[in-house]
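Peer 1: Mind having a look at this structure? Questions to follow.
The values are calculated or read from the model by the stated rules, or taken from the named source; none is laboratory data. Fair warning: this is a prediction, and the values are worked out from it, not measured in the lab. Methodologically, a virtual Cβ is constructed for each residue, glycine included, from the backbone with ideal geometry; neighbour enumeration extends over all protein chains shown.
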Amino acid sequence: MAPAIQWDDVDTVLLDMDGTLLDLNYDNVLWSERLPERFASHHGLAPAAARDTLERHFAATRHTIEHYCLDYWARFTQLNIIALHRELAHLIRYRPHAEQFLTRLKETGRRTALVTNAHRGSLSIKDEQTGVTARLDHSISSHDFRAPKESAEFWYQLESVLHFDRVRTLLIDDNAAVLAAAQCYGVAHLMTVSQPDSARPPRIGLEHPAFNGFDEIMPP
């Protein structure tokens, strides 16, 4: 059972997309399987060599805006990254009870915002499949600010746009580095997801309170 949220203390709910509202399986299949296959084929590389090249570059860019930028990866790989996203669109789906959770938040009158590191190109494809942005009051990509959610700059710019009260704001995100940045900025209520990818085992030893299905934290 997930730790209880003190909903009377929360006015604004900030929600990550990939691995939080949506199943991370789509992204993991795309970046860990489909992209290495196409990269190897396009450049005449052995599969292991292609995977090693990509993984080293993923690690080198982690927690930077480039890491999440489809234009950046299109240049690096010389592949049509948007086309790869569309090939796997059938894998895009909500995580358990996420749709009901968003509906309930709207019924309670709380302000909601999608805050994602996803590039707008990726976000638009996922939105076509799920209609996720229409379910929230605001939709923010870190690319709008040219700063990843792991940075203090992102949170400063987000507050200047949304004017949220840090003490009465809840962030739900599957990324520990993002949660740490938000905590340093003063966001008071933080939760994470135990199983972002439905095809992989639940995570253990997480630094923040965790849940799996949104029915576990549904506001009254």
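Peer 1: With outside the structural domain of M191 (by TED's automatic domain parsing) and either in contact with a strand residue (DSSP E or B) (Cβ under 6 Å, 6 or more places away or on another chain) or under 26 Å from S198 (Cβ atoms) (or both) as the only criterion, which of E66, E37 stands out?
Peer 2: E37
Peer 1: Take the residues of the range 106-121 that are part of a helix (DSSP H, G or I) and under 19 Å from the mean Cα position of the chain (by Cα): which is surrounded by the most Cβ atoms within 10 Å (Cβ to Cβ)?
Peer 2: Selected residue: G121.
Peer 1: Can you name the residue in the range 56-72 that is free of Cβ contacts under 8 Å to residues at least 24 places away in the same chain and part of a helix (DSSP H, G or I) and, of all such residues, is farthest from L123 (Cα to Cα)?
Peer 2: In this case the residue turns out to be R56.
Peer 1: Just to be sure, is H119 farther than 17 Å from A182 by Cα and touching a Cys at 6+ places or on another chain (Cβ under 8 Å)?
Peer 2: For H119, the condition - farther than 17 Å from A182 by Cα and touching a Cys at 6+ places or on another chain (Cβ under 8 Å) - is met.
Peer 1: Additional query: Kindly list the number of the only condition in (1) touching a residue at least 12 places away in the same chain (Cβ under 8 Å); (2) closer than 27 Å to E66 by Cβ; (3) of a type outside the set (A, V, I, L, M, F, W, C) that fails for S198.
Peer 2: Exception for S198: condition (2).
Peer 1: Another question about this same structure. Mind listing whichever residues of the range 73-90 are crowded, with 17+ Cβ neighbours inside 10 Å and assigned to a helix (DSSP H, G or I)?
Peer 2: W73, T77, I81, L84, H85
Peer 1: Report whether or not R146 is within 14 Å of the chain's Cα centre (by Cα) and surrounded by fewer than 17 Cβ atoms within 10 Å (Cβ to Cβ).
Peer 2: No, not satisfied.
Peer 1: Of these, R168, R120, R135, which one is more than 19 Å from L22 (Cα to Cα) and either assigned by TED's automatic domain parsing to the domain that holds L14 or in contact with a Lys or Arg (Cβ under 7 Å, 6 or more places away or on another chain) (or both)?
Peer 2: R168
Peer 1: Looking at the range 122-143, which of the residues that are small (G, A, S) and within 16 Å of the chain's Cα centre (by Cα) is farthest from A181 (Cα to Cα)?
Peer 2: G131
Peer 1: Follow-up question, since we're still on this one. Would you check which residues across the range 196-220 are surrounded by fewer than 17 Cβ atoms within 10 Å (Cβ to Cβ) and small (G, A, S) and list them?
Peer 2: S198, A199, G205
Peer 1: Taking the range 173-208, which residues are over 20 Å from A147 (Cβ atoms) and in a strand (DSSP E or B)?
Peer 2: The answer is H189, M191, T192, V193.
Peer 1: Continuing with the same structure: Considering only the range 1-45, how many residues are in a loop (DSSP other than H, G, I, E, B) and either in contact with a Gly (Cβ under 6 Å, 6 or more places away or on another chain) or more than 25 Å from I125 (Cα to Cα) (or both)?
Peer 2: Counting residues in the range 1-45 that are in a loop (DSSP other than H, G, I, E, B) and either in contact with a Gly (Cβ under 6 Å, 6 or more places away or on another chain) or more than 25 Å from I125 (Cα to Cα) (or both) gives 10.
Peer 1: Same structure again: Could you identify the single residue in K106, K126 that is among the charged types (D, E, K, R) and within 17 Å of L24 (Cβ to Cβ)?
Peer 2: Selected residue: K126, the only one of K106, K126 that is among the charged types (D, E, K, R) and within 17 Å of L24 (Cβ to Cβ).
Peer 1: Search the range 196-217 for residues being of a type outside the set (D, E) and farther than 29 Å from L162 by Cα, and hand back the single one that is nearest to the chain's Cα centre (by Cα).
Peer 2: Restricting to residues being of a type outside the set (D, E) and farther than 29 Å from L162 by Cα, the top hit is S198.
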